[in-house]
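One structure is given below, encoded as structure tokens.
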Amino acid sequence: MRWHVVRLLALLSLCLAVRTVAPVQAQVPAVSYAPGWNLAGGPRGMDFSAASAVVAYRNGDYVSVAPTADGSCNGAWAYFPAATSVTVPASTASSQTCTLSAGWNLVADPFDVPALLPPGVVGERWDTEKQAYVLDSGIAPGGASWIYAETAQTLALTAAAEGGLTIALPPAQTQAYQIHVGEYLTVLVSISNGTPGFDARADATHLQPAGSGPTGPLAAPAYYYRWKAIATGSTTLTLDPACLKSGCETPSLAVSLDILP
């Protein structure tokens, strides 16, 4: 997939030559985009005009498109000259069927909450900090992922339910948190230059990954991990400080969770 980024750089030079767009004032609720290329999409009316270029992948090639989301499953690359926060319009849809062509498809989240991919389907999203693709079973609000289809087919996206629990680290935990099967657990961690302060791991027996990525207004950027509770029982989330990779002494955190029927 690296060739996508190389070709986008050439497209950017053409787009910058023909138009300059004033940045949009950040509002809340909003999604934060890092400087440079970001995969983008959203509900109808989501405005990406702060981007210097917005291009979509059509029939094996890139084409410039309008900087306003049409509410479909069509994702795009958006180039932001500086860190930008974009408002996510409200959406009442709970599901949407997307038409996929054979090969790679750039699929957007058409909701104002995370879009869940069907079981067994995994997308590739662009990590702006790592400058690499990472696998994900959901699509973050305001985002998009590459989905590969062997043949032309349809893909059903489901909006993540609002029910559940959100925890901001470090947790002030004196007893196990509780949620019910079918609800969603969201863990918010600090973020710096697009890098989350903690890496989260969960037991797949009880929790199904439902997406991860940067979220929130630029004034208080955060990184979220989200899971869907799929089985009753007690489980533990493990949160490892990202600095452990470079040998820091910050301890890992354990979050106890009881999943009820």
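Only the coordinates and a few stated rules stand behind these numbers; no lab work does. Small disclaimer: the values here were computed from a predicted structure and weren't measured. All Cβ positions, glycine included, derive from the backbone under ideal geometry; neighbour counts span all protein chains shown.
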Of the peptides 62-73, 244-255, 222-233, how do they stack up when ordered by the mean number of other Cβ atoms within 10 Å, highest first?
-> 222-233, 62-73, 244-255
One point scatterer per Cα, no solvent, Debye formula: log10 I(q)/I(0) for region 32-112 at q = 0.20, 0.21, 0.25 Å⁻¹ comes out as -0.87, -0.95, -1.24
The simple spin-label model distance between Thr195 and Ala83, using points 7 Å out along Cα→Cβ, in nm, is 1.4 nm
Residues of region 173-202 with backbone N under 13 Å of the label point set 7 Å from the Cα of Asp240 along Cα→Cβ are 198-202
Relative contact order (percent) for region 164-260, with alpha-carbon contacts under 8 angstrom and 6 or more residues of separation?
-> 32 percent
With no solvent and one equal point scatterer placed on each C-alpha of region 122-174, evaluate the Debye formula and give log10 I(q)/I(0) for q = 0.13, 0.18 Å⁻¹, two decimals.
-> -0.52, -0.83
Region 20-149: relative contact order from alpha carbon pairs under 8 Å, six or more residues apart, as a whole percent, is 29 percent
The computed P(r) of region 164-260 puts the percent of Cα pairs beyond 18 Å at 45 percent
What order, most packed first, do the peptides 195-205, 35-45 have when packing is the mean number of other Cβ atoms within 10 Å of each residue?
-> 35-45, 195-205
